[in-house]
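The values are calculated or read from the model by the stated rules, or taken from the named source; none is laboratory data. In this text the structure is predicted, and so the values were computed from the model without any measurement. Every residue, glycine among them, receives a Cβ derived from its backbone with ideal geometry; neighbour counts consider all protein chains shown. To get the accessible areas, we keep the full protein, side chains included, count just its heavy atoms, and leave off ligands, DNA and RNA. Shrake-Rupley method; radii C 1.70, N 1.55, O 1.52, S 1.80 Å.
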Amino acid sequence: NSVYQERQECYAFNGTQRFVDGLIYNREDYVHFDSAVGEFLAVMELGRPTGEYLNSQKDFMERKRAEVDKMCRHKYELMEPPLRQRR
């Protein structure tokens, strides 16, 4: 049996947000989208065709690039006041 999974992570550092969306096959990350780069990057050779295909889909990539705002900014804004109070 093959298992496909997706892992989405948000990182906040010095007021900037970064969104990473990893695609996983049998517990190995094979391709991931990195908002800092703005495209899918192959982690292993298996991910190269998937990354190239997804990067070629203009409408999909526009939505994916906007996900840093949708997925991360809200979480960062929720955490920002408590983090500032600690300083």
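In segment 4-79, what percent of the accessible surface is made up of carbon and sulfur (1.4 Å probe, ligands and nucleic acids excluded)?
Carbon and sulfur: 51 percent of the exposed surface of segment 4-79.
Three semi-axes describe the equivalent ellipsoid of segment 1-62; taken as square roots of 5 times the Cα gyration tensor eigenvalues and ordered largest first, they are 21, 15, 9 Å. Rounded to the nearest 0.05, the FRET efficiency derived from the C-beta distance between residue 56 and residue 16 at R0 = 25 Å is 0.35.
Length gained on full extension, residue 46 to residue 5: 13.3 nm, using 0.36 nm per residue less the C-alpha separation.
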